[in-house]
Amino acid sequence: MTFASPADFRTALADLRGPDQGAIAAARARQAELTKPAGSLGRLEEIAIFLAGWQGTARPGIARARTAIFAGNHGVTVHGVSAFPASVTAQMVANFEAGGAAINALSGAAGLELHVTALDLDTPTADFTIAPAMTEVECLAALDAGAAAVTGDLDLLTIGEMGIGNSTAAAALCLRSFGGTAADWIGPGTGVDAEGIARKAAVVERARARHAEAPADAFETLRRVGGREIAAIAGAVLRARQLGIPVVLDGFIGSAAIAPLAADNPAIVAHCIAGHVSAEPGHARLLARLGLEPLLALGMRLGEGSGAAVAVGVIRAALAAHDQMATFAEARISGSL
């Protein structure tokens, strides 16, 4: 087990490695030498320098990258918080495995291998309005499942999820981590109407009241109002940090998975890129709280890691420009632009 106990998880979160400052300086120096006006490629230059720091080289690349999808079911769906039944989670996992989902097509287009982990789909988490969603053992198992999907040979990791009801869990995580009201974090999710949104808000407020006296650290927040797939994302992001692998976050649920971690240690976001801002209303607010600027804003709200996969195309473009452009000296151009 990567996280053998809650204390082990807390220790890992408190002790985060940083990027290679020498590689960052070298990448920044290379950008200054390329045949273009300084700063003219905007965010693409920043992306290349960011990747250099985490890969520890002035000229980073992506030889192997992975989309890791985690799936889990939620007991809170008994309150009618989703437009779809919980059985859809397993059906979509089968679709992933058969190659028929959007993330299959988008991962293929982005040069990402796809890794799917289904977490006890026959055993939904507990209804977190009346009890913690998971026991300590269950939460640790989910964290470890996420960590196990991350291997040291990856140059980049993108994160996806599938779990009917998980936008409600994501809202509860954000509320417990960053405060406000349930209405600040609730949205339509799979497409519920105004009445459904009101039900979701009421459920999230009941969850806050139910767990108000519980410890507010990241582990307890994940296990009390999260879900197995959400805890797995948190475990994957933390394990990626231990290995120095940069992570591209997807939408609201994937970003909410690290909200409790960021509330405890804001530095957890330093190896993360927000692939996009989704149409789920709470996502832009959450990214602002995390201090992350999304690469894309395409009105997407599918989940599955779809927005992150699309963003990888931009990241690859940034690295191609950084690595393949000639320097002024190589092009025999005098001076600088």
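Observations, loosely collected:
- Matching residues, segment 6-33, being closer than 14 Å to Ala321 by Cα, of a type outside the set (Gly, Ala, Ser) and either in contact with a strand residue (DSSP E or B) (Cβ under 6 Å, 6 or more places away or on another chain) or surrounded by fewer than 17 Cβ atoms within 10 Å (Cβ to Cβ) (or both): Arg28, Glu33
- When Ala63, Ala102, Ala52, Ala94 are checked against the criterion of being open to solvent by less than 30 Å² (accessible area, probe 1.4 Å) and either among the small types (Gly, Ala, Ser) or touching a His at 6+ places or on another chain (Cβ under 7 Å) (or both), Ala52 stands alone in meeting it.
- Qualifying positions in segment 74-91 - in a helix (DSSP H, G or I), open to solvent by less than 50 Å² (accessible area, probe 1.4 Å) and polar (S, T, N, Q): Thr77, Thr89
- Between Thr11, Thr57, the distinction of being polar (S, T, N, Q) and touching a residue at least 24 places away in the same chain (Cβ under 8 Å) belongs to Thr57 only.
- Criterion (crowded, with 18+ Cβ neighbours inside 10 Å and more than 30 Å from Ala4 (Cβ to Cβ)) met by exactly one of Ala218, Ala182: Ala182
- Matching residues in segment 249-308 - criterion: being of a type in the set (Val, Ile, Thr), open to solvent by less than 10 Å² (accessible area, probe 1.4 Å) and outside any helix (DSSP H, G or I): Ile258
- Of all the numbered requirements in (1) at negative phi; (2) open to solvent by 10 Å² or more (accessible area, probe 1.4 Å); (3) in contact (Cβ under 8 Å) with a residue 24 or more places away in the chain; (4) not acidic (Asp, Glu), Gly191 misses one, and that requirement is (1).
- Selection from segment 103-123 of residues that are assigned to a strand (DSSP E or B) and β-branched (Val, Ile, Thr): Val116, Thr117
- When Gln242 is tested against the conditions (1) open to solvent by less than 10 Å² (accessible area, probe 1.4 Å); (2) in contact (Cβ under 8 Å) with a residue 60 or more places away in the chain; (3) among the polar types (S, T, N, Q), the lone failure is (1).
Matching residues to (1) without any contact (Cβ under 8 Å) to a residue 40 or more places away in the chain; (2) within 12 Å of Leu222 (Cβ to Cβ); (3) open to solvent by 10 Å² or more (accessible area, probe 1.4 Å):
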site	(1), (2), (3)
Pro124	no, no, yes
Thr129	no, no, yes
Glu136	no, yes, yes
Cys139	no, yes, no
Ala148	no, no, yes
Asp153	no, no, yes
Thr168	no, no, no
Leu173	no, yes, no
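The values are calculated or read from the model by the stated rules, or taken from the named source; none is laboratory data. This is a predicted model, so every value here is computed, not measured. Glycine gets a Cβ as well: all are built from the backbone with ideal geometry, and neighbour counts include every protein chain shown. With ligands, DNA and RNA removed, areas are computed over all heavy atoms of the protein, side chains included. Shrake-Rupley method; radii C 1.70, N 1.55, O 1.52, S 1.80 Å.
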